[in-house]
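Visitor: I'd like to ask you about the structure that follows.
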């Protein structure tokens with residue numbers, strides 16, 4: 001990814017425009033990843049802000065050759081989420097707050113339906129094993145590639161692919177339990 | 001050699017992320033099509049759900065203001081601290097002084113004090129604030145001004161809420177966060193300058209202890225002012241909440257929470273600075 005490499009290099013040297021580009025590209029993904037893990041808008045906002053503040057503090061020590069930038073950033077996000085749950089002394093929660101944003105102001109009924117679907121999804125993701133949950137939230141919430149997920153979690157790609165497969169199989173079973181949308185093979 | 005289903009699923013997910021349809025993948029792997037179809041359908045439900053999660057635009061903008069202030073402090077602020085010649089600062093101050101006199105001569109400044117966003121005199125109010133900021137003699141003075149302006153923006157938030165202007169409310173909330181971010185920047189810049197002068201100093205003087213105690217007093221003073229400002233701003237906003245149109249109350253409530261958080265964050269940064 002030569003273009004991103006160039007942007008990251010400029011940000012490291014103090015180019016505010018380059019940092020803004022990285023912020024635009026990753027802020028939504030980081031927030032989505034954290035929100036899927038916490039299920040709470042306020043907590044997700046606080047943690048997302050901390051992640052970027054920490055990234056800004058540490059960006060001088062980032063080296064492209066060691067790890068892709070996305071993996072480095074999501075490693076910070078992952079650590080922040082883990083720290084958050086440790087400080088709070090609680091396990092990952094299931095309930096979701098109203099956070100479904102749509103650009104074209106949909107009807108309240110549509111918003112309620114989307115929220116219901118999202119609650120169901122978040123509840124199902126929270127029932128996965130911790131390793132499957134990490135892979136699924138990074139792959140789908142953050143839209144990272146398998147290689148980037150592997151770097152972020154310090155696992156090999158084969159393991160991550162297996163966790164992804166098992167996670168999707170488990171999610172499908174859970175979805176079938178939630179509704180009759182799915183038909184058995 | 002047959003590929004593992006994990007590898008095939010991963011490849012198909014990449015293709016789906018890139019915009020291909022599930023059918024394209026199933027055609028490529030007819031032997032695994034039945035299992036793959038179920039897994040990809042489940043994946044699409046997950047993708048759709050995830051896509052619906054978006055940060056609030058106001059929060060995203062506020063966070064950017066906060067980060068930009070840190071970024072400026074870290075890179076541009078430090079860079080410019082040693083480069084701008086004294087004569088240029090003096091010249092800027094002299095010009096700003098002339099401007100201030102001009103502004104003072106016209107009653108516009110006084111009349112604009114209570115101007116609200118979208119009112120005719122509001123730009124004059126902001127210009128007068130800029131001039132006062134340029135004339136600030138110390139970092140502490142600048143920090144105090146930012147605090148005063150943050151309080152003003154909070155008061156204006158209450159007023160625009162009465163007028164039902166949700167968009168203005170969010171812009172002002174972003175400006176409160178920006179001013180509070182600048183309070184930290186001013187304090188941090190002061191620390192950078194102090195560290196630099198300490199590194200250049202030949203030997204500790206007898207007055208060093210007194211100077212440090214003066215710095216401690218300044219930080220304490222700023223901490224006290226911040227707490228008072230927090231109380232007054234939130235009081236004004238809570239008062240506005242009671243009088244705001246019903247439709248605007250949820251957004252105003254959220255904005256009050258975020259302003260309170262901005263204040264708390266600033267207070268904790270200033271306090272952590274004073275404990276070092």
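The values are calculated or read from the model by the stated rules, or taken from the named source; none is laboratory data. Computed from a predicted model, the values in this text were never measured in an experiment. With ideal geometry, Cβ positions are generated from the backbone for all residues, glycine too; neighbour counts draw on all protein chains shown.
Visitor: Could you identify the single residue in B:11, B:6 that is assigned to a helix (DSSP H, G or I), more than 30 Å from residue A:44 (Cα to Cα) and facing another protein chain (nearest Cβ under 7 Å)? Before the answer, list the steps.
Guide: On the way: B:11 fails: facing another protein chain (nearest Cβ under 7 Å).
Matching residue, one of B:11, B:6: B:6.
Visitor: I'd like to verify a number: residues in the range B:16-56 that are part of a helix (DSSP H, G or I), more than 7 Å from every other protein chain (Cβ to nearest Cβ) and either modelled with pLDDT of 85 or more or at positive phi (or both), how many?
Guide: Narrowing the range B:16-56 to residues part of a helix (DSSP H, G or I): B:16-17, B:22-28, B:30-51.
Cutting the leftovers down to more than 7 Å from every other protein chain (Cβ to nearest Cβ) gives us B:16, B:22-28, B:30-33, B:35-37, B:40-41, B:44, B:48, B:51.
Restricting the remaining residues to those that are either modelled with pLDDT of 85 or more or at positive phi (or both) gives B:16, B:22-28, B:30-33, B:35-37, B:40-41, B:44.
So the answer is 18.
Visitor: Also: Taking residue A:175 and the conditions (1) within 11 Å of chain B (Cβ to nearest Cβ); (2) modelled with pLDDT under 95; (3) closer than 20 Å to residue B:15 by Cα; (4) surrounded by 15 or more Cβ atoms within 10 Å (Cβ to Cβ), which numbered condition does it fall short on, given that it satisfies the others?
Guide: Only one criterion in (1) within 11 Å of chain B (Cβ to nearest Cβ); (2) modelled with pLDDT under 95; (3) closer than 20 Å to residue B:15 by Cα; (4) surrounded by 15 or more Cβ atoms within 10 Å (Cβ to Cβ) is unmet by residue A:175, namely (3).
Visitor: Quick one: is residue B:219 out of contact with any helix residue (DSSP H, G or I) (no Cβ under 8 Å at 6 or more places or on another chain), surrounded by 12 or more Cβ atoms within 10 Å (Cβ to Cβ), assigned to a helix (DSSP H, G or I) and modelled with pLDDT under 80?
Guide: Details: out of contact with any helix residue (DSSP H, G or I) (no Cβ under 8 Å at 6 or more places or on another chain): no; surrounded by 12 or more Cβ atoms within 10 Å (Cβ to Cβ): yes; assigned to a helix (DSSP H, G or I): yes; modelled with pLDDT under 80: yes.
Taking the combined requirement at face value, the residue does not satisfy it.
Visitor: Residue pairs, Cβ under 9 Å, 6 or more apart or interchain, first in the range B:108-120 and surrounded by fewer than 16 Cβ atoms within 10 Å (Cβ to Cβ), second modelled with pLDDT under 80 and assigned to a loop (DSSP other than H, G, I, E, B). List them.
Guide: Correct list of pairs: B:118/B:165.
Visitor: Taking the condition over 28 Å from residue A:16 (Cα atoms) and surrounded by 19 or more Cβ atoms within 10 Å (Cβ to Cβ), does residue B:67 pass?
Guide: Numbers: over 28 Å from residue A:16 (Cα atoms): no; surrounded by 19 or more Cβ atoms within 10 Å (Cβ to Cβ): yes.
Spelling it out, it is not the case that residue B:67 is over 28 Å from residue A:16 (Cα atoms) and surrounded by 19 or more Cβ atoms within 10 Å (Cβ to Cβ).
Visitor: Oh, and also: Against the conditions (1) surrounded by fewer than 21 Cβ atoms within 10 Å (Cβ to Cβ); (2) closer than 25 Å to residue A:132 by Cα; (3) modelled with pLDDT of 90 or more, where does residue A:7 fall short? Just the number, please.
Guide: With respect to (1) surrounded by fewer than 21 Cβ atoms within 10 Å (Cβ to Cβ); (2) closer than 25 Å to residue A:132 by Cα; (3) modelled with pLDDT of 90 or more, residue A:7 is out only on (2).
Visitor: Could you list all residues from the range A:20-35 that are within 8 Å of the chain's Cα centre (by Cα) and more than 7 Å from every other protein chain (Cβ to nearest Cβ)? Steps first, please.
Guide: Initial filter on the range A:20-35 (within 8 Å of the chain's Cα centre (by Cα)): A:29-35.
A:29, A:30, A:33, A:34, listed by residue number.
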